[in-house]
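Take a look at the structure below.
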Amino acid sequence: MDLYFLTRGLLYLFLPVFGVPGNCAVIWAFLLALRQEGTLLPADAIVLHLACANLLVVSCRCVFEVFANFQVFNGFNDPGCKGIYFIYRTFRGLSIWLTFTLSSYQCLSIAPPGSHWATLRSLFGRYLWLIFLLLWIINTSASAPTLVFAVAARNDSKLLENSINIQFCFINFPSVFAKDANGALQVVRDVIPMSLMTTASFIILVFLYRHSRQVSNLRSGAGTGGGGASAERRAAISVVVLVTFYVLMYGVDNGLWVYTLTVKQTLSSALISDLRIFFSMLFAAISPIIIITTNMKVKKQLL
């Protein structure tokens, strides 16, 4: 086995080694909380759904990649390529939109009681199941082309035309227009929630900063201190870390995806696709660590 495939296999192995136990721990913590409390807050339900999506992202795609890379088992025949990449792209999209949903709900949670935003927050929590359903419809629909165009890699010159090389499979589009249209759809699906979640997180940080200044002034005037400011800083840091890490990983992913679309000839190597997919799955693998260290409910259940 050459150095490229050895490195590729080890990197893909790294993702489920951290991602599967981490996401399972988050899921288990929320299930324990649900059993004890009988219900979950909307934010907790979103994080639980996010952990489930991330678990499918790292387990489904990475496990098959590792098996095929080390020649243990190759499940990337035509049906395998269609099924594996459809599941991967669907849950990858869900991960993006659920992170945006979480940022939006947190943004609404800082609204003062009695305001229109507080009313919207209440409706948000009441119809959260409908939001989940809508996200499923959006992402399954956007991933549907994979079921049509994904095929196993083979010695066929036609695969070098209008295709995306992803090592063991090709996404073989019938025309340049179909390739560009599908690529644009994927970019739009990612960029919209990334932009909106960045805006929502910025609003949260501005509010926390102003509130922290007000509380600090009141305490200095009264000559007292407390732990509220540290809790606010912790919340702000968790938002900054999660969104920054998210935008960085998926920003690299989308940048490489756009580069792949601009290349007229299908790339003979899957290196660019491997880098793109690795960075996108890195968020799904590492995000449980951020959740466990910043979410008090999860930390309480696991300790």
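You will find that of Ala118, Ala111, the residue that is among the aliphatic types (A, V, I, L, M), at pLDDT below 90 and part of a helix (DSSP H, G or I) is Ala118 and no other.
For the range 44-82, what are the residues that are without any contact (Cβ under 8 Å) to a residue 24 or more places away in the chain and more than 14 Å from Ile277 (Cβ to Cβ)? It would help to see each step written out before you state the result.
Filtering the range 44-82 down to residues without any contact (Cβ under 8 Å) to a residue 24 or more places away in the chain leaves 48, 64, 67, 71-73, 75, 79.
Of everything in the range 44-82, those that are without any contact (Cβ under 8 Å) to a residue 24 or more places away in the chain and more than 14 Å from Ile277 (Cβ to Cβ) turn out to be Leu48, Phe67, Gln71, Val72, Phe73, Gly75, Pro79.
Taken across the range 66-81, residues that are assigned to a helix (DSSP H, G or I), surrounded by 16 or more Cβ atoms within 10 Å (Cβ to Cβ), in contact with a strand residue (DSSP E or B) (Cβ under 9 Å, 6 or more places away or on another chain) and not charged (D, E, K, R) do occur, with at least one present. Only one of the numbered conditions (1) over 14 Å from Leu282 (Cα atoms); (2) out of contact with any strand residue (DSSP E or B) (no Cβ under 6 Å at 6 or more places or on another chain) is not met by Arg92, and that is (1). Residues that are exposed (fewer than 15 other Cβ atoms within 10 Å of the Cβ) and either within 14 Å of the chain's Cα centre (by Cα) or at pLDDT 85 or above (or both) within the range 191-207 comprise Val191, Ile192, Ser195, Thr199, listed in sequence order.
Between Val188, Val148, which is in a helix (DSSP H, G or I), under 20 Å from the mean Cα position of the chain (by Cα) and surrounded by fewer than 21 Cβ atoms within 10 Å (Cβ to Cβ)? Give the steps one after another, and end with the answer.
Details: Val148 fails: under 20 Å from the mean Cα position of the chain (by Cα).
Being in a helix (DSSP H, G or I), under 20 Å from the mean Cα position of the chain (by Cα) and surrounded by fewer than 21 Cβ atoms within 10 Å (Cβ to Cβ) holds for just one of Val188, Val148, which is Val188.
The values are calculated or read from the model by the stated rules, or taken from the named source; none is laboratory data. Since this is a predicted model, take the numbers as computed values, not measurements. All Cβ positions, glycine included, derive from the backbone under ideal geometry; neighbour counts span all protein chains shown.
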